[in-house]
Amino acid sequence: MNELSSWDLALADWTDVLGSEHVITDRDRLDSAQTTTYATHQVIPAILRPSCREQVQECLRIANKYRVGVYPVSSGKNWGYGSRVPVDEVSALLDLSRMNHILDFREDLAYVTVEPGVTQSQLSAFLREQKSNLWMDASGGSPESSLIGNTMERGFGHTPYGDHFAHSCGLEVILPTGERIETGFSRFPDTKTGPLYRWGVGPVLDGLFSQSNLGVVTRMSIWLMPAPEYFQGFFFSCNLDSMLSPAVDALRPLRLNGTIQSGMHIGNDYKVLNGLQQYPWAETEGRTPLSPEIMKGFRRALRIGAWNGSGALYGTRAQVAEARRLIKRALTGKVDRLQFFDDARLRLAKRFAKPYQFLTGWNITQTLTVLQAVYDLMKGIPTEKTLGSTYWRKRTPIPDQMNPDRDGCGLLWFAPIVPALGKDVQALTGIVIKTMLEDGFEPMISLTLLTERAIACVISISFDRSVPGEDDRAMRCYRRLLTNVTALGYRSYRLGIHSMGQMDIHDTYSSLLQTIKSAVDPVGILSAGRYQASKS
Ligand SMILES: Cc1cc2nc3c(=O)[nH]c(=O)nc-3n(C[C@H](O)[C@H](O)[C@H](O)COP(=O)(O)OP(=O)(O)OC[C@H]3O[C@@H](n4cnc5c(N)ncnc54)[C@H](O)[C@@H]3O)c2cc1C
């Protein structure tokens, strides 16, 4: 049987199970699913849209029968890491977005159980409808991105529950053979603690299903955070590059001792400008990259620092006041500006934005819009605002309905983890800035104190895919960054489909993973190549 007839037979069987309207073979829709924010060559022969777990099981059984590849996505908005494009050359896309039910919710135990298609905005609206006193965590990605897809990628947000995988529990997983398992205590039929206690008893399997190709997650519980009595955001800036390292060393003890409970965020000037506007084509007379000298002018005009931090304090008024005191003490002399905002102060700032501009000439309305989005994220409220940043190098305005894949926005993320030490942050940012400017791209850097001990650095290579040669130049820059940063001993926490080659390490760890993969997916139908070394 040749490959083409296998696909034809599989398509006929999938159509029997899903109905023809949920097996998409229309060329335009396939082309758009094959498109991401950088050049790819993978082919998607069909999009399968199951509505329930049983249909997922059937889809996988059919894939086994005809030995064809399948690649699951929850909402497929994995922008900058490959969007919906599979890693393997040819795979059907298993689009789980129709499975979008909130299956369980407990206010008293503070959790929610969701299917893969449930999005950030859906959960946010649901909590509002329930008049819940619980907060979700939101990533800076699209409000229409999924909770399960992001968690399976070990993505993160900005509240104390920002490490998504660490706040998930009780997975239901369909193995590549179509069998179903549940993790933790959920495996026991009459359990009352499946969504509450993630370890269950015995070996913990949850980790096998994140950043892997060992199963399709069809249900997950997410822990929610009780809304604090009082919330304050804080923002600081450092005018000099050299101030970053001491600021990180001042913040680490506060993250370690719990004064700062969430993954606070530090972005450089390029990152902030990228959040505020598109590339300044007029000021640069069309030249790229934006030079540090011109950048300095923007810093002055927009009152931003070389480095700019944002974080939040959660607790009672007294707890927040004490945390504020400790932060002020730690950052005095180490930052140039430090401001605290609560809801009332933010409202006031917005009210006086126009008279303030009249008096000072500084248009703070735009700054406040971005500040509001960051402030909301620190409260777990998803925002669409960040998505405009993907249009950075486009010469056309940002459309109302943003879609970076469709609009030729070029974006490659590189996300190394570094120790939460000033000297490591300095070493990393130094090499990143040098490499990116040499390669003609603006070094947009954000640093998140994701855990008490480690910082997630997210670097974006932003470009315009419609400019001939830019895809190649951006990928070259990515590869140089990878080489230079790996040489310093820092590795990415997450990979795009363009960078799974980093998993091609032939050690005992990889061979154990290969053994597990062969056991659960003997035909090799599920997400081939994803976070996996090639067979030696
Ligand atoms: C401007 C901007 C800001 C962003 N900010 C953030 C941020 O703050 N934090 C962050 O983490 N990311 C961020 N992102 C990256 C990305 O957009 C998000 O991580 C987004 O949540 C991922 O898309 P998704 O949820 O649709 O996942 P999907 O694309 O559905 O899934 C991602 C991958 O996980 C696997 N997968 C998905 N579902 C399943 C399943 N059910 N079972 C097994 N495997 C599965 C698949 O291999 C898939 O390719 C940002 C992106 C942009 C453009």
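The values are calculated or read from the model by the stated rules, or taken from the named source; none is laboratory data. Quantities reported herein were computed from a predicted structural model and do not represent experimental measurements. Reconstructed Cβ throughout: ideal geometry from the backbone, glycine too, with neighbour counts over all protein chains shown.
Scanning the stretch 460-513 for residues being among the basic types (Lys, Arg), touching a helix residue (DSSP H, G or I) at 6+ places or on another chain (Cβ under 8 Å) and over 14 Å from residue 80 (Cβ atoms) gives a total of 2. The listed residues are 195, 189, and the only one of them that is touching a Cys at 6+ places or on another chain (Cβ under 6 Å) and either part of a strand (DSSP E or B) or farther than 30 Å from residue 341 by Cα (or both) turns out to be 195.
Of all residues in the stretch 140-158, how many are more than 7 Å from the ligand (Cβ to nearest atom) and surrounded by 24 or more Cβ atoms within 10 Å (Cβ to Cβ)?
Of the residues in that region, 3 qualify.
Anything in the stretch 77-106 that is closer than 21 Å to residue 26 by Cβ and within 13 Å of the ligand (Cβ to nearest atom)? List them, or say none. Of everything in the stretch 77-106, those that are closer than 21 Å to residue 26 by Cβ and within 13 Å of the ligand (Cβ to nearest atom) turn out to be 77, 83, 84, 85, 86, 91, 93, 94, 95, 96, 97, 98.
Starting from residues that are under 30 Å from residue 452 (Cα atoms) and in a strand (DSSP E or B), keep the ones in the stretch 410-421 and report whichever is farthest from the ligand (Cβ to nearest atom). Only one residue tops the list, namely 419.
There is at least one residue in the stretch 302-320 that is modelled with pLDDT under 95 and either in a helix (DSSP H, G or I) or touching a Pro at 6+ places or on another chain (Cβ under 6 Å) (or both).
Listed conditions (1) within 23 Å of the chain's Cα centre (by Cα); (2) modelled with pLDDT of 95 or more are all met by residue 262, apart from (2). Being within 16 Å of the ligand (Cβ to nearest atom), within 18 Å of the chain's Cα centre (by Cα), modelled with pLDDT of 95 or more and at negative phi is a description that applies to residue 449. Looking only at the stretch 68-108, residues that are within 20 Å of the chain's Cα centre (by Cα) and either at pLDDT below 95 or of a type in the set (D, E, K, R) (or both) come to 3 in all. Looking at this structure, is residue 391 within 20 Å of residue 36 (Cα to Cα) and within 16 Å of the ligand (Cβ to nearest atom)? Yes. Taken over the stretch 96-121, the criterion of being closer than 24 Å to residue 23 by Cα and free of Cβ contacts under 8 Å to residues at least 60 places away in the same chain is satisfied by 97, 100, 101, 117, 118, 119. Residue 181 fulfils the conditions (1) more than 21 Å from residue 520 (Cα to Cα); (2) within 14 Å of the ligand (Cβ to nearest atom); (3) surrounded by fewer than 17 Cβ atoms within 10 Å (Cβ to Cβ) except for a single criterion, (1). Looking across the stretch 441-482, the residues that are assigned to a loop (DSSP other than H, G, I, E, B) and within 22 Å of residue 157 (Cα to Cα) come down to 443, 449, 450, 451, 452, 453.
Looking only at residues of the stretch 370-409 that are assigned to a loop (DSSP other than H, G, I, E, B) and in contact with a strand residue (DSSP E or B) (Cβ under 7 Å, 6 or more places away or on another chain), we find that the one that is farthest from residue 468 (Cα to Cα) is 379. Scoring residue 374 on the criteria (1) within 16 Å of the ligand (Cβ to nearest atom); (2) free of Cβ contacts under 8 Å to residues at least 60 places away in the same chain; (3) within 30 Å of residue 161 (Cβ to Cβ); (4) not hydroxyl-bearing (Ser, Thr, Tyr) leaves a single failure, condition (2).
Is it the case that the stretch 232-250 has a residue that's surrounded by 21 or more Cβ atoms within 10 Å (Cβ to Cβ), β-branched (Val, Ile, Thr) and in a strand (DSSP E or B)? Checking the stretch 232-250: not a single residue is surrounded by 21 or more Cβ atoms within 10 Å (Cβ to Cβ), β-branched (Val, Ile, Thr) and in a strand (DSSP E or B).
The sole residue among 212, 139 that is closer than 25 Å to residue 315 by Cα and outside any helix (DSSP H, G or I) is 139. Scanning the stretch 263-287 for residues that are within 24 Å of residue 380 (Cβ to Cβ) and out of contact with any Gly (no Cβ under 6 Å at 6 or more places or on another chain) gives 265, 267, 271, 272, 274, 275, 276.
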